[in-house]
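Here is the structure we will look at, set down as structure tokens.
Where a number appears in this text, it was derived from the coordinates with a stated rule and is not lab data. Everything quoted here is computed from the prediction, not taken from an experiment. Here the Cβ positions follow ideal geometry from the backbone for every residue, glycine too, while neighbour counts run over all protein chains shown.
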Ligand code: G16
């Protein structure tokens, strides 16, 4: 049977849901799991074509809906360097997902191959994994059917965090090259992180325990595994794992996890942490992390992605100065419109580092961060990492220290190039990075909080009839349509001290998000409500 016929036959078993329009969004396709079978099947076809278009390089497919509710699921593709799929191929994936019939799908497959001059006899390799959602194994089977039909080389890594799959893809594609990233196994991931962590800590011990809320998702079992590779808790870092119940998939992200904490600006109700206890929350696929604590008066304080970026950038700037590399390494920070104005001011004015703003979606931030030698990028929601350019890595590896102090700083910097996931934002790697910085500075969460004062802010989710009418520009800070909405928002912002607000369509949920900040909590809440009302009126 020809491979086209095999695809036709296999596709017939995964018909698309009627009347659903699919869109490869901020983080791939994401919606109710019961309408995703055909989409995941078709992503298998796209992944194998993408692999063939790159001469057989390994492509990853991750089945997850991250922070979304348990009934949702999603699928996203990983490019050979471990980064997100490039934008032109996102469009192909959307086209394939919306093909009405099996015949139309095969025609599109052929057209895509012809357009990109893909030799369909090239060997291809696709690796995949999933989070702990109940629908994951069914969707993985749909993906597998597609890969078998197009005669792809397949490796099923079963259950992994999203960043672990990105890591593995990068490792496979760099094996045997100068850029070799590590062992392409889960064990290789733990070994790389733990040995870099030991070197970066330089025998420092963090003070007090760290409580990690794992959102009842895949981060739980994976963190427990990572802990086995870390130094004993009394020697370096004592981690208490909570919300790690993956046996009840319905509890995923419910009243816990990074998105809950960031959006509701409070600790998970299940938290038993005491005053000043350092806590953090991962999201459903462990690619985001936020820290927080409650002070002695019982007031909750969030240390979000902006704070992690500021902490990491300050530490990296110190290390590059102390190691004698400051003159040759350009450090910069990339944020989105959600970044608190106070964090931007702190990074630009106090740290004297460049700040860039991009639309939401790590692919945009990651790309912008490559313009720096050390690019720190974080979304306020805790999704981000630090990337080192080839130039930076080579200089950090080969620099001759001129004093023991330079040597010390250089060794920490070298360890950080290994500790920080270079492929994508990774909650577990980011957590270890934060712990290294706090341990070296001898800081607890209060000192970290003290580096600047956040402007009070509010995030509101507004459900509208069609979120697609909300089209934004200027890194999503201004609405182009619906006509009249932006002037109305401008009017509301003008009336508030230090006011800033914007509305943008979510790329992962069927809603419009509104962000507002102002000088006081009351003004921020009021502004958010006013802008939400404008969105409702125009939506
Ligand atoms: C995904 C993306 C993030 C984005 C978030 C929310 O995160 O990877 O870059 O900030 O969705 O996006 P939106 O506001 O467009 O819904 P995750 O952790 O859910 O994969």
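Between residue 179 and residue 521, how high is the FRET efficiency from 1/(1 + (r/R0)^6) when r is the Cβ-Cβ distance and R₀ = 56 Å? Nearest 0.05. Mind dumping the intermediate values first?
Details: r = 48 Å, r/R0 = 0.85.
Step by step, r from the Cβ atoms, then E = 0.70.
Which of the peptides 19-28, 355-364, 465-474 is most tightly packed, and how do the rest follow, judged by the mean count of other Cβ atoms within 10 Å per residue?
Numbers: 19-28: 18.0, 355-364: 20.4, 465-474: 14.1.
The densest-packed peptide leads the list: 355-364, 19-28, 465-474.
Averaging sequence separations of C-alpha pairs under 8 Å and six or more residues apart, then dividing by the length of segment 305-449, give the relative contact order as a whole percent. Walk me through the intermediate numbers first.
Values: 225 pairs, mean separation 39.8, N = 145.
Relative contact order here is 27 percent.
Using r as the Cβ-Cβ distance of residue 296 and residue 238, and R0 as 22 Å, what FRET efficiency do you calculate, to the nearest 0.05? Write out the running numbers ahead of the final one.
Values: r = 21 Å, r/R0 = 0.97.
For R0 = 22 Å, the calculated efficiency reads 0.55.
Treat each spin label as a single point 7 Å out from the Cα along the C-beta direction, and report the residue 255 to residue 400 distance in nm.
Result for the modelled spin labels: 6.3 nm.
Tell me, 347, 118, 289 in order of fewest to most beta-carbon neighbours within 10 Å?
On the way: 347 25, 118 21, 289 32.
In order of increasing Cβ crowding within 10 Å: 118, 347, 289.
For segment 34-72 and segment 327-383, what is the separation of their C-alpha centers, rounded to whole Å?
29
How many nm separate the modelled label positions at residue 114 and residue 13, each set 7 Å beyond the Cα in the direction of the Cβ?
Placing both labels 7 Å beyond Cα along the Cβ direction yields 2.9 nm.
Can you sort 40, 35 so the residue with the fewest Cβ neighbours within 10 Å comes first? Can you show the working numbers first?
Numbers: 40 29, 35 16.
Going from sparsest to densest Cβ surroundings: 35, 40.
Would you mind putting 393-399, 254-260, 220-226 in packing order, based on average other-beta-carbon counts within 10 Å, highest first? Walk me through the intermediate numbers first.
On the way: 393-399: 14.9, 254-260: 22.9, 220-226: 18.9.
Output ranking for 393-399, 254-260, 220-226: 254-260, 220-226, 393-399.
If packing is taken as the mean number of other Cβ atoms within 10 Å per residue, what is the order of 47-55, 96-104, highest first?
Working: 47-55: 23.1, 96-104: 16.8.
Highest mean packing first, the order is 47-55, 96-104.
Going by C-beta contacts inside 10 Å, put 95, 186 in order with the fewest on the left.
Starting with the residue having the fewest Cβ neighbours, the order is 95, 186.
At 222 nm, what helix-only mean residue ellipticity would the chain give, in deg cm²/dmol to the nearest 500, using -39500 (n - 2.57) for each DSSP H run of four or more?
Helix contribution divided over all residues of the chain: -12500 deg cm²/dmol.
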